[in-house]
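Peer 1: I'd like to ask you about the structure that follows.
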């Protein structure tokens, strides 16, 4: 397994070892001690799987409090996956990093607490999996506008299919700093 820092410290690109032959392949998607040794030392308590179709954009979501570390990957298909640093006083506040995650490349993205997360579906369908360090809590969830011009994410598509919740996301500058996570943390 290879683990690399992205341009924002703490957000890690994980490339699991894929063992393949003419019959197919095998890979380990998570093993606690190996990931801990690689700097991903959190207790995951919930696994999620979502299915979406081409052109769907989900996000940008975070919880505060009840913040979640997330380890995300694609089981089938492909996504453009994004993490945005929303930690008040972080030197990277408002900055984003993206990775293309596909079933073929088997890459994972580790997104620590204090980051908003979203993805855009590049394939006809996608099965998107993620491990979370806290359970989902609707009362603590925040949605940041996917097209917040202050953040400036360069999405593959500018007219994605959105849920009503994601259509109503707030601009980062309109969220009280008291409601956002703080750096470090």
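Nothing in this text is a laboratory measurement; each read-out follows from the coordinates by a stated rule. Predicted model only: the values in this text are computed from it and were never measured. As a convention, Cβ positions derive from the backbone with ideal geometry for all residues, glycine included, and neighbour counts pool all protein chains shown.
Peer 1: Determine the principal axes of the Cα atoms in the chain, then give the extent along each, sorted from largest to smallest and rounded to whole angstroms.
Peer 2: 53, 36, 28
Peer 1: If you restrict to DSSP beta bridges whose two residues both lie in the chain, what percentage is antiparallel, to the nearest 5?
Peer 2: 95
Peer 1: Next question, about the same structure. For the stretch 77-135, what are the per-bin percents of Cα-Cα distances with bins 10 Å wide, up to the bin holding the maximum?
Peer 2: Each 10 Å bin holds this share of Cα pairs: 22, 48, 26, 5.
Peer 1: Same structure, new question: At 0.36 nm per residue, minus the direct Cα-Cα distance, what do residue 2 and residue 50 gain on full extension? Give it in nm, one decimal, please.
Peer 2: 14.7 nm
Peer 1: Per the Cauchy relation, a quarter of the hull surface: what is the mean projected area of the convex hull of the alpha carbons in the stretch 115-159, in nm²?
Peer 2: With the hull built on Cα positions only, its mean projection is 4.6 nm².
Peer 1: Still on this structure, please answer the following. Where the eigenvalues come from the Cα gyration tensor of the stretch 12-83, what are the semi-axes √(5λ) of the equivalent ellipsoid, largest first, in whole Å?
Peer 2: After scaling each eigenvalue by five and taking roots: 23, 20, 10 Å.
Peer 1: Relative contact order of the chain: what whole-number percent is it, with Cα pairs under 8 angstrom and at least 6 residues apart?
Peer 2: 29
Peer 1: Please identify which residues in the stretch 34-74 have an amide N closer than 11 Å to a label point set 7 Å out from the Cα of residue 136, following the Cα→Cβ vector.
Peer 2: 47-51, by backbone N distance to the label point.
Peer 1: To continue, here is another question. Put a dot 7 Å past each Cα toward the Cβ at residue 157 and residue 123; how far apart are the dots in nm?
Peer 2: Going by the 7 Å Cα→Cβ label model, 1.5 nm.
Peer 1: Sort the following peptides by mean Cβ neighbour count (other Cβ atoms within 10 Å, averaged over residues), highest first: 82-90, 5-13.
Peer 2: Packing order, densest peptide first, comes out as 82-90, 5-13.
Peer 1: Give me the number: length gained by fully extending residue 34 to residue 17, i.e. 0.36 nm times residue separation minus the C-alpha to C-alpha distance, one decimal in nm.
Peer 2: Length gained between residue 34 and residue 17: 4.9 nm.
Peer 1: Identify which of 171, 131, 70 has the largest mean-square fluctuation in a Gaussian network model of the chain, with springs joining Cα atoms closer than 10 Å.
Peer 2: It is 171.
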